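The values are calculated or read from the model by the stated rules, or taken from the named source; none is laboratory data. Quick caveat: nothing in here was measured; it's all calculated off a predicted structure. Backbone-built Cβ (ideal geometry, glycine too); neighbour counts: all protein chains shown. Accessible surface is based on the protein model in full, side chains and every heavy atom, while ligands, DNA and RNA are left aside. Shrake-Rupley method; radii C 1.70, N 1.55, O 1.52, S 1.80 Å.
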Amino acid sequence: MLILGIESTCDETAAAVVRNGSEILGQETASSAEIHQRYGGVFPEMACRRHIDAILPVISSALEKANVTHQDISAIAVARGPGLIGALLIGLQAAKGLSIAWNKPLIGVNHVEAHLHAAMMQETPPLPALGFVLSGGHTLMLEISEIGNYRLLGTTVDDAIGEAFDKSATLLGLSYPGGPMLEQLALQGDPTKISFSPSRVKKNPLAFSFSGLKTAVLYAVKKSTPEDYPDIAASFQETAFIDLIRKARLALQSTPCKALVFGGGVCNNERLRALFQKHFPELPHYWPSAGLSSDNAAMIAGLGYHKFLATDGQGDPLDLEALPRTPFWNS
Ligand code: KG4
Ligand code: ZN
């Protein structure tokens, strides 16, 4: 079964063709990130204009790379949220238009659930698993009972972890999105040089908070010179990741899990992967394969396959709405 996935939630316009939920036959991505660098963050109107220009060429290219035509496609999966409303509507309208023109079922997919699913596309982990979504917009720790069945254990009360990386990177003079550059800068620094304290959320010991850490970076930058920046970057990164590890350990005490599953752009970070491997050698780890951590359409098609099966091949109605803020876990 071939699913065409479409992604346009933020600044990446992407399409992919995936066979049976796991085999990526072809994918294409157009990014408007270089425009947003000038503004230090995503400029929604600019992102939308680029989506409009890119959406159909990206879909054509993904089909071409997969060496298939629209006739071979079984269904069209599209990220319906969460994301920027204007950006979501462009992907959703394209998917609906093609669904009518090609007479193919439409499937709405949650973008953040797809991030979590990315590492499970090739192989389903032993369940239940402890899952993390670590992206520019989300910091989630969940119990995964099965695909489509999740329980939220902890989330951030302020900034998402990727957002904290990007804001700290800006303070360190790096351009947007600064996460990958901060990781590079940290390689030259000493993570024990500055003792940033991990924040605690009184009401929920499994909740995250990164805005205090970001403010601590601001004060550290103010009283240092650029030679100290690698140490600040390394210390910030280490503090943020050790916080995740502590909370994972705490969560596992009350929610025993058989595996760790990771998704979202921050999972590109090698230090994050190394620290989790070091602290949890007893559990199997599932990380997204190359290109599947950051926003992509293969994860949308991969999860779309399971959603399509769950509707017995019917898909969703054509009045499917974009949902800029939508949880995917059971409350
Ligand atoms: O999942 P993603 O591509 O988009 C969202 O759905 O948000 O995540 C983007 C976030 C950005 O904040 C970016 O700086 C961060 O992931 N990121 C990283 C790294 N690569 C991307 N953060 C830390 N280290 C990295 N290597
Ligand atoms: Zn994302």
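Can you divide the C-alpha Rg of segment 180-233 by 2.2 N^0.38 Å and report the result to two decimal places? Before the final figure, lay out the partial values.
Numbers: Rg = 12.7 Å, N = 54, 2.2 N^0.38 = 10.0 Å.
This ratio for segment 180-233 stands at 1.27.
Ranked by the mean number of other Cβ atoms within 10 Å of their residues, highest first, the peptides 149-159, 6-16 fall in the order 6-16, 149-159. With all pairs of separate Cα atoms included, the chain yields a Kirkwood hydrodynamic radius of 20.2 Å. Which angle between 0 and 90 degrees, to the nearest 10, do you get for helix 298-310 versus the longest principal axis of the chain when only C-alpha atoms count? Once rounded, one gets 60 degrees. Treating cross-link reach as a plain straight distance, find the lysines whose alpha-carbon is under 20 Å from the alpha-carbon of Lys96, omitting any fewer than eight places away in the same chain. Leaving aside lysines fewer than 8 places away in the same chain, those within reach of Lys96 are Lys104, Lys307.
Counting only heavy atoms of the protein chains, get the accessible area per residue of segment 49-134 (1.4 Å probe) and round it to a whole Å² value.
Working: 3170 Å² over 86 residues.
Accessible area per residue, segment 49-134: 37 Å².
Diffusion of segment 283-331 by Stokes-Einstein, at 10 °C in a medium of 1.306 mPa s and with Rh set to the Kirkwood radius over alpha-carbon pairs, works out to 117 µm²/s.
The amide H of Ile107, built 1.01 Å from its N in the peptide plane, has Ile76, Ala77, Val78, Asp316 as neighbours under 5 Å, considering only residues 5 or more places off or on other chains. May I ask you to give the percent of accessible area on the chain that is carbon plus sulfur, with a probe radius of 1.4 Å? Here it works out to 53 percent. Using the Cβ-Cβ distance between Thr311 and Lys278 with R0 = 45 Å, the FRET efficiency computed as 1/(1 + (r/R0)^6) comes to roughly 0.60.
For the chain, what is the calculated [θ] at 222 nm in deg cm²/dmol (nearest 500), taking -39500 (n - 2.57) for each run of four or more DSSP H residues and dividing by its residue count? All intermediate terms of the calculation are to be shown ahead of the outcome.
On the way: 10 runs with 135 residues, N = 331.
It comes out at -13000 deg cm²/dmol, rounded to the nearest 500.
Under 5 Å between amide H atoms, partner at least 5 residues away or on a different chain: which partners does Gly26 have, H built in plane at 1.01 Å? Correct list: Val17.
Toward the positive end of the charge dipole of the chain, with +1 on the Cβ of Lys and Arg and -1 on the Cβ of Asp and Glu, the farthest Cα among Pro284, Phe196, His111 is that of Phe196. In this label model, Ile52 and Asp319 are separated by 2.7 nm, measuring between points 7 Å along each Cα→Cβ vector. Residues in segment 167-176 carry Karplus couplings, in order, of 5, 5, 4, 4, 4, 8, x, 9, 8, 6 Hz; the curve used is 6.51 cos²θ - 1.76 cosθ + 1.60 with θ = phi - 60°, and Gly or Pro positions show x. Rg then Dmax, both in Å and based on the Cα atoms of segment 1-87: 13.6, 42. Once the mean of 1/r is taken over each pair of separate Cα atoms and inverted, segment 239-283 shows a Kirkwood hydrodynamic radius of 11.1 Å. Here is the size of segment 127-286 from its Cα atoms: Rg then Dmax, 15.4, 49 Å.
Using θ = phi - 60° in the Karplus curve 6.51 cos²θ - 1.76 cosθ + 1.60, the 3J(HN,Hα) couplings for segment 110-124 round to 7, 4, 6, 4, 5, 4, 5, 6, 3, 6, 9, 5, 7, 7, 6 Hz; x is entered for Gly and Pro.
Segment 1-71 and segment 290-331 have Cα centres lying 15 Å from one another.
Pairs of alpha-carbon atoms within less than 8 angstrom and 6+ residues apart define the contacts here; what relative contact order does the chain have, in percent? Kindly include the intermediate steps, with their values, before the conclusion.
Numbers: 739 pairs, mean separation 83.8, N = 331.
Relative contact order for the chain comes out at 25 percent.
Report Rg/Rh for segment 50-93, rounded to two decimals, where Rg is the Cα radius of gyration and Rh the Kirkwood radius. Walk me through the intermediate numbers first.
Details: Rg = 11.8 Å, Rh = 11.6 Å.
Radius of gyration relative to Kirkwood radius: 1.01.
Restricting the calculation to alpha carbons of segment 84-211 gives Rg and Dmax of 18.7, 60 angstrom. Note on Lys203: lysines with a C-alpha under 16 Å away, same-chain residues under 8 apart excluded, are Lys247.
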